[in-house]
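Only one structure is covered here, and it is reproduced in the block below.
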Amino acid sequence: MQSAKLESGVVYLSGRGFKILEAIIDEYIKTGEPVGSKLLSERLSFKVSPATVRNEMAILEQEGYLDHPHTSAGRIPTVKGYRLYIEKMVPESEPELSEEDKQNIDSALSNIEGDSDETLIESASHVLAELTKCAVISTSNVSKFSVITKVEVIPTGKRVYLLLLVTSGGGIKNRVCRLSFDLDREQLDFFTRFANENLSGVNPENLSAEYVEQLGTALGSYMVSLSPLLKAVAALSGEVAEKSFRFEGQANLIAFKDLQKQEILSILENRNAFTELLDTAFSGINVIFGEENKDGSSTFTVSNSGLIAGNFRKYEQVAGSFGVIGPMRLDYKKLIPYIEYFADKVTRRLSQKEEEPE
């Protein structure tokens, strides 16, 4: 898991202090209730008196890792406490995914059907939301690994033509093109040959306006009649090259008692902020909180929220990311290895597609 800098330059915590903070966060994640010293002393794996626990909790609160609700004698973790928990305690405890969870992920992903990379990622996003019972946002730029393999034009009516563009990743884009004149069979056959000779093997991201202009000139005597089709193919290529994103499991947010109605609305209204976060990172697994930034400022406006993100790859390069969104009180020890395993399986599926015979 990739580590980020801690908020404070000097970090207090004895070995016992670390374990007490970890135990408080574990208990709070489980119950959602402030954790008291008496309960904590009973749950710790080592013997310590409630008085000693209270003393350690007071120090943790003074250092900014815990908060003390005025209506309770117990403590709850702060954003700073969660950050230390993620960066220090979770890696040290080496959380592992259970065999049951692995089997559930394997089974769910094995049932995904679809010929294209985009279909696979779209379905995987839905599966991840179903399995985690959280909201899931995903970004994908798998199109950058694909090239145009086929262009076809089909007459569908008077002066109406359907353009099809197929990529090596299994993606298919189509567009209806309406002309002010009819094209004969000779013109259609010429355009099909011309388009496939000049566009097959071209990455949609590399189909520049200059190249399209050069192709228009190369049409020669057919330039006037076939340029509209060529421009439509270029537009389809632009759609293929666009980075896609999806937001799944919005209804899952309602089930979280920690999230108030306004916080849920804020998550839904700030989907672009989460998407930007996925775009700006990531290597490995990252955890980002709604009230935190490296300099202490707010990363985005959604308070009391956590984002656990992991990327998937193709050709050993990052091809996109999955982000699981929920309240700050997420089960990080389970979800971090869960997302890591899930993203690795999607990476393997994308790789397997390349190994399959045409």
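Here are a few things to note about the model shown:
- Heavy-atom accessible surface of the chain, averaged per residue, reaches 51 Å², computed with a 1.4 Å probe.
- Relative contact order, percent, segment 151-282 [alpha-carbon distance under 8 Å, six or more residues apart]: 20 percent
- Highest-fluctuation residue, GLU263, GLU186, GLU61 considered, GNM on the chain with Cα pairs under 10 Å: GLU186
- Applying both filters, DSSP loop and at most 14 other Cβ atoms within 10 Å, to the trypsin sites (Lys or Arg not before Pro) of segment 196-257 gives LYS243, LYS257.
- Rounded to 10°, Cα long-axis angle of helix 271-280 versus longest principal axis of the chain: 90 degrees
- Calculated SAXS-style log₁₀ I(q)/I(0) at q = 0.08, 0.09 Å⁻¹ - the chain, Debye, Cα scatterers: -0.53, -0.63
- Measuring nothing but how far apart in sequence close Cα pairs (under 8 Å, 6+ apart) lie, relative to its length, the chain scores a relative contact order of 18 percent.
- Net charge over other residues, Cβ less than 13 angstrom from the Cβ of CYS134 (K, R count +1; D, E count -1): -1
- Counting only alpha carbon atoms, the long axis of helix 50-62 and the longest principal axis of the chain meet at about 50°.
- Label-point separation, ASN174 to SER107 (7 Å along Cα→Cβ), nm: 3.6 nm
- Between PHE289, VAL147, VAL202, the Cα set farthest toward the positive side of the dipole of the chain (charges on each charged residue's Cβ, about the Cα centre) is that of PHE289.
- Over 26 Å apart at the Cα level, from the set LYS133/LYS345; LYS150/LYS231; LYS30/LYS314; LYS80/LYS257, are LYS30/LYS314.
- Cβ-based net charge around ILE105, under 12 Å, with every Lys or Arg adding one and every Asp or Glu removing one: -3
- Accessible-area composition of the chain, carbon plus sulfur, in percent [1.4 Å probe]: 47 percent
- In the chain, the longest principal axis of the Cα atoms and the axis of helix 99-110 are about 20 degrees apart.
- Here the relative contact order of segment 68-158, from alpha carbon pairs under 8 Å that lie six or more residues apart, stands at 13 percent.
The values are calculated or read from the model by the stated rules, or taken from the named source; none is laboratory data. Since the structure is predicted, the reported quantities are computational estimates derived from the model, not experimental observations. Note that each Cβ is placed from the backbone with ideal geometry, even for glycine, and that neighbours are counted across all protein chains shown. With ligands, DNA and RNA removed, areas are computed over all heavy atoms of the protein, side chains included. Shrake-Rupley method; radii C 1.70, N 1.55, O 1.52, S 1.80 Å.
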